[in-house]
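First up is the structure itself, then whatever we jot down about it.
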Amino acid sequence: MDIRSILWQSARLKQQLCDDENLVASIARVIEAAVQCYRQGGKTLFCGNGGSAADAQHLAAELSGRFYFDRPPLDAEALHVNTSYLTAVANDYGYDEVFARLVQAKGRRGDLLFAFSTSGSSPNIVRALQEARQAGMITVGFTGSRPCAMEALCDHIFRMPSDLTPRVQEMHILVGHIICQGIEEALYSS
């Protein structure tokens with residue numbers, strides 16, 4: 001294992017993101033959509049599997065708790081945190097439906113769904129996006145560089161310029177942190 005090579009690989013990807021004007025503009029648009037959602041009393045829902053579930057939960061906590069400074073909590077929820085629900089629905093309806101059913105129950109027009117899948121083709125993420133679209137939610141996808149099923153279902157998609165899962169997830173959390181900071185500053189800075 002070449003540790004420096006891994007560090008440089010990550011640094012180069014961050015440089016690519018920094019140089020990507022379309023990505024920077026997309027981040028700004030997602031921040032504005034989330035701010036508008038919250039100003040209208042809406043919420044954000046997050047979903048992902050494995051490491052992407054951890055990222056989804058992490059970012060939901062940044063919004064519902066705090067990011068940089070004390071402020072009122074924002075309504076943000078990771079859809080995988082209730083294990084009794086998750087295992088019951090997976091058992092009764094199949095794992096592909098675990099997020100879709102919660103989006104159907106909780107999602108409202110103008111709310112946001114942040115969907116994380118490094119492959120972009122996880123069936124349960126695709127189903128959640130389909131339900132979100134049907135509910136009139138704004139859909140935000142986080143994926144890797146490969147063409148994927150999520151693309152057609154996302155109003156905004158962040159395709160990281162890598163197909164290596166660890167590097168993709170590193171970039172997802174970076175972009176997610178920027179979005180959280182932007183939302184917090186827009187809503188609560190003087």
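Laid out as a table, the results:
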quantity: Estimated [θ] at 222 nm from DSSP helical runs (n ≥ 4, -39500 (n - 2.57)) normalised by residues in the chain, nearest 500; calculated: -18500 deg cm²/dmol
quantity: Accessible area of the chain divided out per residue, in Å², using a probe of 1.4 angstrom; calculated: 49
quantity: For the chain: relative contact order, % (alpha-carbon pairs under 8 angstrom, 6 or more apart); calculated: 23
quantity: Square roots of 5 times each gyration tensor eigenvalue, C-alpha, the stretch 101-190, largest first, Å; calculated: 21, 20, 9
quantity: For the chain, Kirkwood radius (reciprocal of mean inverse C-alpha pair distance, Å); calculated: 16.7
quantity: Proximal charge balance of GLY141 [Cβ under 11 Å; K/R count +1, D/E count -1]; calculated: -1
quantity: Between the stretch 148-190 and the stretch 71-114, the alpha-carbon center distance in angstrom; calculated: 19
quantity: Per-residue SASA entry for MET137, accessible area with 1.4 Å probe, Å² rounded to 10; calculated: 10
quantity: Long-range HN-HN contacts of ASP163 with modeled amide H, under 5 Å; calculated: SER145
quantity: Whole-percent carbon and sulfur share, accessible surface of the stretch 27-135, 1.4 Å; calculated: 48
quantity: Per-residue SASA entry for ILE179, accessible area with 1.4 Å probe, Å² rounded to 10; calculated: 10
quantity: Under-5 Å amide H pairs with ILE157, H placed in peptide plane, nonlocal only; calculated: GLY141
quantity: Scattering profile of the stretch 1-82 at q = 0.11, 0.19 Å⁻¹ [log10 I(q)/I(0), Debye over alpha-carbon scatterers]; calculated: -0.44, -1.03
quantity: Trypsin sites (Lys or Arg not before Pro) within the stretch 86-190: DSSP coil, no more than 10 neighbouring Cβ in 10 Å; calculated: ARG109
quantity: Environment charge at GLY41 (Cβ cut-off 14 Å; Lys +1, Arg +1, Asp -1, Glu -1); calculated: +3
quantity: Inter-site label distance for ASP20 and GLU32 at 7 Å from Cα along Cβ, in nm; calculated: 2.0
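The values are calculated or read from the model by the stated rules, or taken from the named source; none is laboratory data. Just so it is clear, the model here is predicted, and its values are computed rather than measured. Positions of Cβ are backbone-derived with ideal geometry, glycine not excepted, and every protein chain shown enters the neighbour counts. Note: areas computed on protein heavy atoms with side chains; ligands, DNA, RNA excluded. Shrake-Rupley method; radii C 1.70, N 1.55, O 1.52, S 1.80 Å.
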